[in-house]
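Q: Handing you this structure, nothing more for now.
The values are calculated or read from the model by the stated rules, or taken from the named source; none is laboratory data. Worth saying up front: this structure is predicted, and the values here are computed from it rather than measured. Don't worry about glycine lacking a Cβ; one is built from the backbone with ideal geometry, like all the others, and counts go over all protein chains shown.
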Amino acid sequence: MTEDEIKSLEEKLMFKQKNTYEIMSDGEIKKAYDFAEKYKTFMNNAKTEREGVRQIVSEAREKGFKEYEFGKKYSSGDKVYFVNREKAVILCVIGKKSLSEGVKICAAHIDSPRLDLKQNPLYQDGGLALFKTHYYGGIKKYQWTTVPMSLHGVMVKRDGTKVNVNIGEDDGDPEFVVTDLLPHLAQEQEKKSLASGVKGEDLNLLVGSRPFKGDDSSENIKLNILNLLFEKYGVTEEDFLSSELEAVPAFKAVDIGFDRSMIGAYGHDDNVDAYPAAQACINAENPEYTVMSVLTDKEEIGSMGNTGLRSSYMKYFINDLAKSEGLEGWQVLRKSECLSADVTAAYDPTYPEVMDKNNCAYLNKGVAVMKYTGARGKSGTSDCSAEFFGKVRNMLDDNNVVWQLGALGKVDVGGGGTVAQFVADLDVDVVDVGVAVLSMHAPFEVISKTDLWQAYRAFEVFFK
Ligand code: MN
Ligand code: MN
(Lines give C-alpha, C1' and ligand atoms only; values in the text may rest on other atoms or scores of the structure.)
(Ligands and ions follow the chains in the order given, each with its own letter.)
Protein backbone atom coordinates (compact mmCIF):
# COMPACT_ATOMS: atom_id res chain seq x y z
CA MET A 1 0.00 0.00 0.00
CA THR A 2 1.16 3.52 -0.75
CA GLU A 3 1.35 6.11 1.98
CA ASP A 4 -1.72 7.83 0.51
CA GLU A 5 -3.70 4.61 0.51
CA ILE A 6 -2.82 3.95 4.16
CA LYS A 7 -3.84 7.49 5.00
CA SER A 8 -7.20 7.16 3.29
CA LEU A 9 -7.75 3.78 4.97
CA GLU A 10 -7.03 5.44 8.31
CA GLU A 11 -9.55 8.16 7.53
CA LYS A 12 -12.14 5.59 6.54
CA LEU A 13 -11.72 3.22 9.47
CA MET A 14 -10.47 5.12 12.48
CA PHE A 15 -12.48 7.38 14.77
CA LYS A 16 -10.68 10.70 15.18
CA GLN A 17 -12.14 13.59 17.07
CA LYS A 18 -11.70 16.95 15.34
CA ASN A 19 -11.44 20.41 16.88
CA THR A 20 -14.34 22.84 16.28
CA TYR A 21 -11.89 25.39 14.88
CA GLU A 22 -10.75 22.94 12.17
CA ILE A 23 -14.33 22.42 11.02
CA MET A 24 -16.20 25.68 11.58
CA SER A 25 -15.96 28.46 8.97
CA ASP A 26 -14.94 31.95 10.06
CA GLY A 27 -18.56 32.98 9.60
CA GLU A 28 -19.81 30.26 11.91
CA ILE A 29 -17.14 31.07 14.51
CA LYS A 30 -18.33 34.68 14.43
CA LYS A 31 -21.90 33.48 14.98
CA ALA A 32 -20.72 31.36 17.91
CA TYR A 33 -18.93 34.30 19.51
CA ASP A 34 -21.98 36.57 19.03
CA PHE A 35 -24.18 33.92 20.64
CA ALA A 36 -21.70 33.77 23.54
CA GLU A 37 -22.19 37.49 24.20
CA LYS A 38 -25.95 36.99 24.60
CA TYR A 39 -25.28 34.00 26.82
CA LYS A 40 -23.02 36.10 29.08
CA THR A 41 -25.77 38.68 29.49
CA PHE A 42 -28.23 35.92 30.36
CA MET A 43 -25.79 34.48 32.90
CA ASN A 44 -25.47 37.82 34.68
CA ASN A 45 -29.25 38.13 34.98
CA ALA A 46 -30.18 34.52 35.75
CA LYS A 47 -28.09 33.30 38.65
CA THR A 48 -30.94 31.37 40.30
CA GLU A 49 -33.80 29.22 39.02
CA ARG A 50 -36.37 31.96 39.72
CA GLU A 51 -34.34 34.53 37.81
CA GLY A 52 -33.76 32.03 35.00
CA VAL A 53 -37.50 31.51 34.64
CA ARG A 54 -38.12 35.27 34.56
CA GLN A 55 -35.46 35.86 31.89
CA ILE A 56 -36.63 32.98 29.70
CA VAL A 57 -40.33 33.86 29.99
CA SER A 58 -39.72 37.51 29.25
CA GLU A 59 -37.76 36.69 26.09
CA ALA A 60 -40.29 34.03 25.04
CA ARG A 61 -43.16 36.50 25.47
CA GLU A 62 -41.33 39.06 23.32
CA LYS A 63 -41.09 36.39 20.63
CA GLY A 64 -44.80 35.64 20.70
CA PHE A 65 -45.13 32.89 23.31
CA LYS A 66 -48.37 32.91 25.34
CA GLU A 67 -49.07 31.40 28.73
CA TYR A 68 -50.41 27.85 28.35
CA GLU A 69 -54.06 27.34 29.20
CA PHE A 70 -54.88 23.83 30.35
CA GLY A 71 -57.78 22.35 28.40
CA LYS A 72 -57.37 24.69 25.44
CA LYS A 73 -56.91 23.25 21.96
CA TYR A 74 -53.80 24.53 20.21
CA SER A 75 -52.85 24.29 16.57
CA SER A 76 -49.66 23.91 14.59
CA GLY A 77 -47.26 26.83 15.04
CA ASP A 78 -48.71 27.99 18.38
CA LYS A 79 -46.09 28.96 20.94
CA VAL A 80 -46.81 28.54 24.62
CA TYR A 81 -45.06 28.44 27.98
CA PHE A 82 -45.97 26.94 31.32
CA VAL A 83 -44.34 28.11 34.56
CA ASN A 84 -44.17 25.73 37.51
CA ARG A 85 -44.12 27.64 40.82
CA GLU A 86 -41.76 30.33 39.47
CA LYS A 87 -38.86 27.85 39.46
CA ALA A 88 -39.25 25.77 36.31
CA VAL A 89 -40.62 26.51 32.86
CA ILE A 90 -41.71 24.54 29.80
CA LEU A 91 -41.50 26.28 26.42
CA CYS A 92 -43.49 24.54 23.72
CA VAL A 93 -44.14 25.03 19.99
CA ILE A 94 -46.95 22.94 18.54
CA GLY A 95 -45.85 20.91 15.52
CA LYS A 96 -47.49 19.91 12.25
CA LYS A 97 -47.59 16.21 13.05
CA SER A 98 -50.09 14.60 15.36
CA LEU A 99 -49.00 14.18 18.96
CA SER A 100 -49.47 10.45 18.45
CA GLU A 101 -46.06 10.61 16.75
CA GLY A 102 -44.51 11.94 19.96
CA VAL A 103 -42.87 15.19 21.02
CA LYS A 104 -39.23 16.30 21.02
CA ILE A 105 -37.98 17.41 24.40
CA CYS A 106 -34.83 19.24 25.45
CA ALA A 107 -34.53 19.03 29.24
CA ALA A 108 -31.97 21.19 31.05
CA HIS A 109 -31.79 22.56 34.58
CA ILE A 110 -31.55 26.12 35.82
CA ASP A 111 -30.56 25.50 39.44
CA SER A 112 -26.84 25.52 40.28
CA PRO A 113 -24.76 24.67 43.35
CA ARG A 114 -24.83 27.49 45.90
CA LEU A 115 -25.18 28.37 49.58
CA ASP A 116 -28.80 28.55 50.74
CA LEU A 117 -29.51 30.48 53.95
CA LYS A 118 -30.76 28.42 56.87
CA GLN A 119 -34.28 29.27 58.03
CA ASN A 120 -33.08 31.18 61.11
CA PRO A 121 -29.82 32.45 59.66
CA LEU A 122 -28.84 35.70 61.36
CA TYR A 123 -26.55 35.75 64.39
CA GLN A 124 -23.94 37.94 66.02
CA ASP A 125 -20.58 36.71 67.28
CA GLY A 126 -17.26 38.39 68.01
CA GLY A 127 -18.49 41.80 66.89
CA LEU A 128 -19.72 40.51 63.52
CA ALA A 129 -23.12 39.65 62.05
CA LEU A 130 -23.31 36.46 59.99
CA PHE A 131 -25.79 34.23 58.15
CA LYS A 132 -25.76 30.46 58.71
CA THR A 133 -25.92 28.66 55.36
CA HIS A 134 -26.75 25.18 54.13
CA TYR A 135 -24.98 24.29 50.91
CA TYR A 136 -27.11 23.17 47.96
CA GLY A 137 -25.74 20.60 45.52
CA GLY A 138 -22.38 18.87 45.46
CA ILE A 139 -19.67 21.40 46.29
CA LYS A 140 -16.05 21.31 47.36
CA LYS A 141 -16.64 23.47 50.43
CA TYR A 142 -13.21 25.05 50.64
CA GLN A 143 -13.79 26.64 47.19
CA TRP A 144 -16.64 28.75 48.54
CA THR A 145 -14.62 30.73 51.09
CA THR A 146 -13.24 34.20 50.25
CA VAL A 147 -15.46 34.46 47.18
CA PRO A 148 -17.56 37.64 46.80
CA MET A 149 -21.19 36.58 47.08
CA SER A 150 -24.58 38.09 46.28
CA LEU A 151 -27.94 37.26 47.80
CA HIS A 152 -31.02 36.26 45.77
CA GLY A 153 -34.48 34.95 46.51
CA VAL A 154 -37.80 35.68 48.12
CA MET A 155 -39.17 36.29 51.59
CA VAL A 156 -42.84 35.73 52.41
CA LYS A 157 -44.07 38.04 55.16
CA ARG A 158 -46.55 37.30 57.93
CA ASP A 159 -49.30 39.02 55.88
CA GLY A 160 -48.62 36.71 52.92
CA THR A 161 -46.99 39.30 50.70
CA LYS A 162 -43.72 38.40 49.03
CA VAL A 163 -40.59 40.45 48.56
CA ASN A 164 -37.92 39.74 45.97
CA VAL A 165 -34.35 40.04 47.18
CA ASN A 166 -31.38 40.73 44.91
CA ILE A 167 -28.34 42.33 46.56
CA GLY A 168 -24.79 42.32 45.30
CA GLU A 169 -25.30 42.26 41.53
CA ASP A 170 -25.70 45.93 40.65
CA ASP A 171 -22.72 48.31 40.55
CA GLY A 172 -22.20 49.80 43.97
CA ASP A 173 -24.18 47.07 45.77
CA PRO A 174 -22.61 45.63 48.91
CA GLU A 175 -21.52 41.98 48.64
CA PHE A 176 -21.01 39.20 51.19
CA VAL A 177 -18.29 36.65 51.88
CA VAL A 178 -17.47 33.45 53.74
CA THR A 179 -14.18 34.05 55.56
CA ASP A 180 -11.30 31.58 55.83
CA LEU A 181 -8.41 31.10 58.23
CA LEU A 182 -5.13 32.94 57.53
CA PRO A 183 -2.25 30.59 56.53
CA HIS A 184 -0.25 31.78 59.54
CA LEU A 185 -2.74 30.08 61.87
CA ALA A 186 -3.92 27.28 59.62
CA GLN A 187 -1.36 24.60 60.49
CA GLU A 188 -4.00 22.29 61.92
CA GLN A 189 -6.56 23.09 59.19
CA GLU A 190 -4.02 22.36 56.47
CA LYS A 191 -3.34 18.90 57.87
CA LYS A 192 -6.98 17.99 57.29
CA SER A 193 -8.29 16.64 54.00
CA LEU A 194 -9.79 19.03 51.45
CA ALA A 195 -13.17 17.51 52.32
CA SER A 196 -12.94 18.26 56.04
CA GLY A 197 -10.76 21.40 56.16
CA VAL A 198 -13.84 23.57 55.72
CA LYS A 199 -17.05 22.08 57.10
CA GLY A 200 -20.65 22.80 56.19
CA GLU A 201 -21.16 24.66 59.47
CA ASP A 202 -18.10 26.82 58.68
CA LEU A 203 -19.75 28.33 55.59
CA ASN A 204 -21.03 31.38 57.45
CA LEU A 205 -21.69 34.47 55.40
CA LEU A 206 -20.35 37.78 56.75
CA VAL A 207 -23.12 40.39 56.55
CA GLY A 208 -22.22 43.22 58.94
CA SER A 209 -20.12 44.67 61.75
CA ARG A 210 -21.66 48.05 62.68
CA PRO A 211 -23.62 48.31 65.92
CA PHE A 212 -27.00 49.98 66.16
CA LYS A 213 -26.51 53.48 67.55
CA GLY A 214 -27.45 53.98 71.19
CA ASP A 215 -27.87 50.28 71.90
CA ASP A 216 -25.27 48.44 74.01
CA SER A 217 -27.02 45.08 74.06
CA SER A 218 -25.04 42.02 73.09
CA GLU A 219 -26.91 41.84 69.78
CA ASN A 220 -26.65 45.44 68.62
CA ILE A 221 -24.93 44.57 65.32
CA LYS A 222 -27.62 42.03 64.50
CA LEU A 223 -30.25 44.60 65.45
CA ASN A 224 -28.69 47.08 63.06
CA ILE A 225 -28.84 44.54 60.20
CA LEU A 226 -32.49 43.78 60.99
CA ASN A 227 -33.25 47.48 61.02
CA LEU A 228 -31.67 47.92 57.58
CA LEU A 229 -33.64 44.95 56.23
CA PHE A 230 -36.85 46.33 57.69
CA GLU A 231 -36.24 49.74 56.14
CA LYS A 232 -35.47 48.22 52.71
CA TYR A 233 -37.87 45.25 52.57
CA GLY A 234 -40.28 45.67 55.49
CA VAL A 235 -39.25 42.26 56.83
CA THR A 236 -38.58 41.06 60.38
CA GLU A 237 -36.33 38.27 61.62
CA GLU A 238 -39.31 35.91 61.75
CA ASP A 239 -39.89 36.39 58.01
CA PHE A 240 -36.67 34.44 57.32
CA LEU A 241 -38.64 31.34 58.38
CA SER A 242 -40.71 31.61 55.23
CA SER A 243 -37.98 32.59 52.82
CA GLU A 244 -35.81 31.07 50.13
CA LEU A 245 -32.57 33.00 50.05
CA GLU A 246 -29.62 31.83 48.00
CA ALA A 247 -26.06 33.14 48.20
CA VAL A 248 -24.26 32.83 44.86
CA PRO A 249 -20.95 34.18 43.52
CA ALA A 250 -21.29 37.87 42.73
CA PHE A 251 -18.92 38.04 39.80
CA LYS A 252 -19.98 38.50 36.19
CA ALA A 253 -19.43 36.20 33.23
CA VAL A 254 -16.15 37.08 31.50
CA ASP A 255 -14.04 35.92 28.57
CA ILE A 256 -11.17 33.64 29.51
CA GLY A 257 -7.87 33.46 27.67
CA PHE A 258 -5.84 35.87 25.48
CA ASP A 259 -7.84 34.51 22.54
CA ARG A 260 -11.21 35.01 24.35
CA SER A 261 -12.19 31.49 23.30
CA MET A 262 -13.74 30.56 26.66
CA ILE A 263 -16.17 31.96 29.21
CA GLY A 264 -15.70 31.89 32.97
CA ALA A 265 -18.85 32.30 35.06
CA TYR A 266 -20.90 31.01 37.93
CA GLY A 267 -23.59 28.51 36.94
CA HIS A 268 -22.53 27.13 33.54
CA ASP A 269 -23.93 23.90 35.02
CA ASP A 270 -26.50 24.00 33.59
CA ASN A 271 -27.20 27.39 32.06
CA VAL A 272 -24.74 26.51 29.30
CA ASP A 273 -27.33 23.97 28.13
CA ALA A 274 -30.49 25.63 29.42
CA TYR A 275 -29.83 28.85 27.52
CA PRO A 276 -29.27 27.23 24.09
CA ALA A 277 -32.18 24.81 24.75
CA ALA A 278 -34.48 27.76 25.47
CA GLN A 279 -33.19 29.65 22.41
CA ALA A 280 -33.69 26.62 20.15
CA CYS A 281 -37.34 26.39 21.23
CA ILE A 282 -37.94 30.13 21.08
CA ASN A 283 -36.55 30.15 17.51
CA ALA A 284 -38.42 27.04 16.35
CA GLU A 285 -40.80 28.06 13.55
CA ASN A 286 -43.47 25.62 12.44
CA PRO A 287 -41.63 22.46 13.53
CA GLU A 288 -42.67 19.05 12.19
CA TYR A 289 -43.06 17.56 15.67
CA THR A 290 -44.28 19.39 18.74
CA VAL A 291 -41.10 20.60 20.47
CA MET A 292 -40.52 21.60 24.04
CA SER A 293 -37.65 22.84 26.17
CA VAL A 294 -38.06 22.01 29.83
CA LEU A 295 -35.95 24.21 32.07
CA THR A 296 -36.22 22.52 35.40
CA ASP A 297 -35.24 23.05 39.02
CA LYS A 298 -33.66 20.84 41.72
CA GLU A 299 -31.43 18.73 39.46
CA GLU A 300 -28.46 19.48 41.69
CA ILE A 301 -30.10 17.80 44.68
CA GLY A 302 -31.46 14.79 42.83
CA SER A 303 -34.49 16.27 41.01
CA MET A 304 -36.69 15.77 44.07
CA GLY A 305 -39.50 18.18 44.92
CA ASN A 306 -42.42 19.46 42.86
CA THR A 307 -40.23 21.72 40.71
CA GLY A 308 -37.73 18.95 39.89
CA LEU A 309 -38.12 16.44 37.08
CA ARG A 310 -39.04 13.59 39.43
CA SER A 311 -42.32 15.47 39.88
CA SER A 312 -45.10 14.95 37.38
CA TYR A 313 -45.37 18.49 36.06
CA MET A 314 -43.93 17.71 32.64
CA LYS A 315 -45.99 14.54 32.38
CA TYR A 316 -49.19 16.43 33.29
CA PHE A 317 -48.38 19.09 30.71
CA ILE A 318 -48.00 16.41 28.03
CA ASN A 319 -51.14 14.63 29.30
CA ASP A 320 -53.06 17.84 28.75
CA LEU A 321 -51.66 18.35 25.26
CA ALA A 322 -52.57 14.72 24.48
CA LYS A 323 -56.13 15.15 25.67
CA SER A 324 -56.69 17.98 23.18
CA GLU A 325 -56.15 15.39 20.42
CA GLY A 326 -58.19 12.75 22.20
CA LEU A 327 -55.07 10.82 23.18
CA GLU A 328 -53.76 9.51 26.48
CA GLY A 329 -50.49 10.99 27.74
CA TRP A 330 -48.69 7.66 27.56
CA GLN A 331 -49.52 7.37 23.86
CA VAL A 332 -47.55 10.56 23.26
CA LEU A 333 -44.73 9.82 25.71
CA ARG A 334 -43.87 6.38 24.37
CA LYS A 335 -43.17 7.89 20.94
CA SER A 336 -41.28 10.88 22.33
CA GLU A 337 -37.57 11.64 22.28
CA CYS A 338 -35.51 13.69 24.67
CA LEU A 339 -32.09 15.25 24.73
CA SER A 340 -31.18 15.46 28.40
CA ALA A 341 -29.19 18.66 28.10
CA ASP A 342 -26.65 18.72 30.89
CA VAL A 343 -22.96 19.38 31.26
CA THR A 344 -20.17 16.84 31.43
CA ALA A 345 -16.61 17.04 32.73
CA ALA A 346 -14.01 18.40 30.34
CA TYR A 347 -10.54 16.87 30.20
CA ASP A 348 -8.23 18.93 32.40
CA PRO A 349 -4.51 18.43 31.63
CA THR A 350 -3.69 19.27 35.26
CA TYR A 351 -5.75 16.28 36.43
CA PRO A 352 -5.43 13.66 33.67
CA GLU A 353 -5.54 10.72 36.08
CA VAL A 354 -9.35 10.84 36.54
CA MET A 355 -10.13 10.56 32.83
CA ASP A 356 -10.05 7.78 30.28
CA LYS A 357 -8.53 9.80 27.44
CA ASN A 358 -10.42 7.92 24.73
CA ASN A 359 -13.76 8.20 26.50
CA CYS A 360 -14.09 11.77 27.71
CA ALA A 361 -14.94 15.22 26.43
CA TYR A 362 -12.50 18.01 25.61
CA LEU A 363 -12.95 21.74 25.30
CA ASN A 364 -13.50 22.89 21.68
CA LYS A 365 -14.44 19.49 20.34
CA GLY A 366 -18.12 20.28 20.11
CA VAL A 367 -21.18 19.35 22.08
CA ALA A 368 -20.70 16.13 24.04
CA VAL A 369 -23.05 13.15 23.69
CA MET A 370 -23.09 10.69 26.58
CA LYS A 371 -24.64 7.27 26.29
CA TYR A 372 -24.95 7.11 30.06
CA THR A 373 -23.89 8.98 33.19
CA GLY A 374 -24.22 7.51 36.70
CA ALA A 375 -21.57 6.01 38.94
CA ARG A 376 -19.94 2.65 39.72
CA GLY A 377 -21.80 -0.09 37.78
CA LYS A 378 -23.83 2.45 35.73
CA SER A 379 -25.99 3.11 38.78
CA GLY A 380 -28.27 6.15 38.64
CA THR A 381 -28.49 6.61 34.90
CA SER A 382 -30.52 6.03 31.80
CA ASP A 383 -28.25 3.99 29.56
CA CYS A 384 -29.37 5.12 26.11
CA SER A 385 -29.94 2.36 23.56
CA ALA A 386 -27.52 1.89 20.67
CA GLU A 387 -30.47 2.51 18.35
CA PHE A 388 -31.36 5.92 19.78
CA PHE A 389 -27.69 6.91 20.09
CA GLY A 390 -27.28 5.95 16.45
CA LYS A 391 -30.29 8.04 15.46
CA VAL A 392 -28.97 11.10 17.31
CA ARG A 393 -25.48 10.54 15.88
CA ASN A 394 -26.85 10.48 12.33
CA MET A 395 -28.96 13.57 12.96
CA LEU A 396 -25.94 15.53 14.24
CA ASP A 397 -23.64 14.37 11.42
CA ASP A 398 -26.24 15.00 8.71
CA ASN A 399 -26.59 18.57 9.93
CA ASN A 400 -22.85 19.23 10.41
CA VAL A 401 -23.11 19.67 14.16
CA VAL A 402 -19.66 19.23 15.70
CA TRP A 403 -20.03 16.72 18.50
CA GLN A 404 -17.85 14.47 20.59
CA LEU A 405 -18.17 11.58 22.95
CA GLY A 406 -18.55 12.47 26.61
CA ALA A 407 -18.29 10.42 29.79
CA LEU A 408 -17.85 11.40 33.41
CA GLY A 409 -14.36 10.16 34.26
CA LYS A 410 -12.85 6.75 34.84
CA VAL A 411 -15.11 3.92 35.93
CA ASP A 412 -14.22 3.69 39.62
CA VAL A 413 -13.30 7.33 40.16
CA GLY A 414 -16.78 8.71 40.80
CA GLY A 415 -19.76 9.79 38.75
CA GLY A 416 -22.99 11.72 38.75
CA GLY A 417 -26.50 11.67 37.33
CA THR A 418 -28.73 13.89 35.25
CA VAL A 419 -32.48 14.17 34.64
CA ALA A 420 -32.20 11.58 31.85
CA GLN A 421 -33.27 8.70 34.12
CA PHE A 422 -36.43 10.51 35.22
CA VAL A 423 -37.47 11.33 31.67
CA ALA A 424 -36.71 7.72 30.69
CA ASP A 425 -39.04 6.62 33.51
CA LEU A 426 -41.86 8.09 31.39
CA ASP A 427 -41.10 5.64 28.55
CA VAL A 428 -39.26 8.27 26.50
CA ASP A 429 -36.06 7.67 24.50
CA VAL A 430 -33.35 9.80 26.10
CA VAL A 431 -29.69 10.57 25.59
CA ASP A 432 -27.45 13.01 27.46
CA VAL A 433 -26.17 15.86 25.30
CA GLY A 434 -24.33 18.86 26.69
CA VAL A 435 -21.33 21.10 27.01
CA ALA A 436 -18.05 20.06 28.65
CA VAL A 437 -17.05 22.16 31.67
CA LEU A 438 -13.77 22.79 33.48
CA SER A 439 -13.97 23.23 37.29
CA MET A 440 -17.57 21.97 37.33
CA HIS A 441 -19.52 22.93 40.49
CA ALA A 442 -16.87 25.49 41.49
CA PRO A 443 -17.98 29.10 42.09
CA PHE A 444 -16.36 29.94 38.73
CA GLU A 445 -16.63 27.39 35.92
CA VAL A 446 -15.16 27.50 32.40
CA ILE A 447 -16.65 26.48 29.04
CA SER A 448 -15.75 26.95 25.36
CA LYS A 449 -17.66 29.36 23.16
CA THR A 450 -17.70 27.02 20.17
CA ASP A 451 -18.98 24.12 22.31
CA LEU A 452 -21.81 26.36 23.54
CA TRP A 453 -22.68 27.15 19.93
CA GLN A 454 -22.61 23.50 18.90
CA ALA A 455 -25.00 22.72 21.77
CA TYR A 456 -27.38 25.30 20.34
CA ARG A 457 -27.00 23.76 16.88
CA ALA A 458 -27.70 20.28 18.26
CA PHE A 459 -30.93 21.42 19.92
CA GLU A 460 -31.89 23.43 16.84
CA VAL A 461 -31.58 20.48 14.46
CA PHE A 462 -33.35 18.18 16.95
CA PHE A 463 -36.31 20.57 16.83
CA LYS A 464 -36.29 20.88 12.99
MN1 MN B 1 -26.01 19.64 35.66
MN1 MN C 1 -24.33 19.68 38.42
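Q: If you check every pair at least six apart or on different chains, which have Cβ atoms under 6 Å apart with a residue in the range 279-304 that is within 20 Å of residue 453 (Cα to Cα) first and a residue that is within 12 Å of ligand 1 (Cβ to nearest atom) and at pLDDT 95 or above second?
A: 294/107; 295/108; 295/110; 295/274
Q: Could I ask something else about it? Would you mind stating whether residue 108 is within 16 Å of ligand 2 (Cβ to nearest atom), at pLDDT 95 or above and either in contact with a Leu (Cβ under 8 Å, 6 or more places away or on another chain) or among the small types (Gly, Ala, Ser) (or both)? Quick ask: steps written out before the conclusion?
A: Details: within 16 Å of ligand 2 (Cβ to nearest atom): yes; at pLDDT 95 or above: yes; either in contact with a Leu (Cβ under 8 Å, 6 or more places away or on another chain) or among the small types (Gly, Ala, Ser) (or both): yes.
Yes: the conditions hold for residue 108.
Q: Would you confirm whether or not the range 333-343 contains a residue that is within 29 Å of residue 445 (Cβ to Cβ), surrounded by fewer than 21 Cβ atoms within 10 Å (Cβ to Cβ) and acidic (Asp, Glu)?
A: Of the range 333-343, the ones within 29 Å of residue 445 (Cβ to Cβ) are 337-343.
So of that shortlist, the ones also surrounded by fewer than 21 Cβ atoms within 10 Å (Cβ to Cβ) come out as 337.
Those still in the list that are acidic (Asp, Glu) too: 337.
Scanning the range 333-343 turns up at least one residue that is within 29 Å of residue 445 (Cβ to Cβ), surrounded by fewer than 21 Cβ atoms within 10 Å (Cβ to Cβ) and acidic (Asp, Glu).
Q: Ok, one more. So if I check each of 257, 302, which one is within 16 Å of ligand 1 (Cβ to nearest atom) and out of contact with any helix residue (DSSP H, G or I) (no Cβ under 8 Å at 6 or more places or on another chain)? I'd like the intermediate steps shown before the answer.
A: Values: 257 fails: within 16 Å of ligand 1 (Cβ to nearest atom).
One residue alone meets the criteria, 302.
Q: With respect to the numbered conditions (1) within 16 Å of ligand 1 (Cβ to nearest atom); (2) touching a helix residue (DSSP H, G or I) at 6+ places or on another chain (Cβ under 6 Å), which one is the sole condition not fulfilled by residue 335?
A: In the conditions (1) within 16 Å of ligand 1 (Cβ to nearest atom); (2) touching a helix residue (DSSP H, G or I) at 6+ places or on another chain (Cβ under 6 Å), residue 335 misses (1) alone.
Q: Within the range 426-443, identify whether any single residue is in contact with a Pro (Cβ under 8 Å, 6 or more places away or on another chain) and within 16 Å of ligand 1 (Cβ to nearest atom), and answer yes or no.
A: Let us first name the residues in the range 426-443 that are in contact with a Pro (Cβ under 8 Å, 6 or more places away or on another chain), namely 441, 443.
Still in the list and also within 16 Å of ligand 1 (Cβ to nearest atom): 441, 443.
Yes, the range 426-443 contains a residue that is in contact with a Pro (Cβ under 8 Å, 6 or more places away or on another chain) and within 16 Å of ligand 1 (Cβ to nearest atom).
Q: Looking at this structure, is residue 60 crowded, with 20+ Cβ neighbours inside 10 Å and either of a type in the set (D, E, K, R) or more than 27 Å from residue 421 (Cβ to Cβ) (or both)?
A: Working: crowded, with 20+ Cβ neighbours inside 10 Å: yes; either of a type in the set (D, E, K, R) or more than 27 Å from residue 421 (Cβ to Cβ) (or both): yes.
Yes.
Q: Could you list, in sequence order, all residues of the range 308-342 that are outside any helix (DSSP H, G or I) and either more than 16 Å from ligand 2 (Cβ to nearest atom) or within 11 Å of residue 99 (Cα to Cα) (or both)?
A: Taking the range 308-342 as the starting set, the residues that turn out to be outside any helix (DSSP H, G or I) are 308-312, 325-328, 334-342.
311, 312, 325, 326, 327, 328, 334, 335, 336, 337, 338, 339, listed by residue number.
Q: Here's another thing I want to ask about it. Please find, among 147, 163, the residue that is in a strand (DSSP E or B) and over 30 Å from residue 283 (Cα atoms).
A: 163
Q: Okay, next question. Consider the range 136-159. How many of its residues are within 16 Å of ligand 1 (Cβ to nearest atom) and not small (Gly, Ala, Ser)?
A: As a first pass, look at the range 136-159 and keep what is within 16 Å of ligand 1 (Cβ to nearest atom): 136-140.
If we keep only those that are not small (Gly, Ala, Ser) as well, we get 136, 139-140.
Of the residues in the range 136-159, 3 are within 16 Å of ligand 1 (Cβ to nearest atom) and not small (Gly, Ala, Ser).
Q: How many residues, within the range 196-240, are part of a helix (DSSP H, G or I) and among the aliphatic types (A, V, I, L, M)? Steps first, answer last, please.
A: Kept after step one, since they are part of a helix (DSSP H, G or I), are these residues of the range 196-240: 196-197, 200-202, 220-233, 237-240.
In the following step, the residues that additionally are among the aliphatic types (A, V, I, L, M) were identified as 221, 223, 225-226, 228-229.
Number satisfying all stated conditions: 6.
Q: Tell me yes or no: at least one residue of the range 260-270 is within 16 Å of ligand 1 (Cβ to nearest atom), under 23 Å from residue 52 (Cβ atoms) and in a loop (DSSP other than H, G, I, E, B). Walk me through how you get there before you give the answer.
A: Kept after step one, since they are within 16 Å of ligand 1 (Cβ to nearest atom), are these residues of the range 260-270: 265-270.
Going one step further and asking which of them are under 23 Å from residue 52 (Cβ atoms), we end up with 265-270.
From what is left, the residues that are in a loop (DSSP other than H, G, I, E, B) are 266-267.
Taking every residue of the range 260-270 in turn, at least one turns out to be within 16 Å of ligand 1 (Cβ to nearest atom), under 23 Å from residue 52 (Cβ atoms) and in a loop (DSSP other than H, G, I, E, B).
Q: Can residue 278 be described as surrounded by 20 or more Cβ atoms within 10 Å (Cβ to Cβ) and either on the phi > 0 side of the Ramachandran plot or under 18 Å from the mean Cα position of the chain (by Cα) (or both)?
A: Values: surrounded by 20 or more Cβ atoms within 10 Å (Cβ to Cβ): yes; either on the phi > 0 side of the Ramachandran plot or under 18 Å from the mean Cα position of the chain (by Cα) (or both): yes.
Against the criterion (surrounded by 20 or more Cβ atoms within 10 Å (Cβ to Cβ) and either on the phi > 0 side of the Ramachandran plot or under 18 Å from the mean Cα position of the chain (by Cα) (or both)), residue 278 qualifies.
Q: It is to be established whether one or more residues within the range 310-331 are modelled with pLDDT of 95 or more, within 16 Å of ligand 1 (Cβ to nearest atom) and buried (at least 20 other Cβ atoms within 10 Å of the Cβ).
A: no
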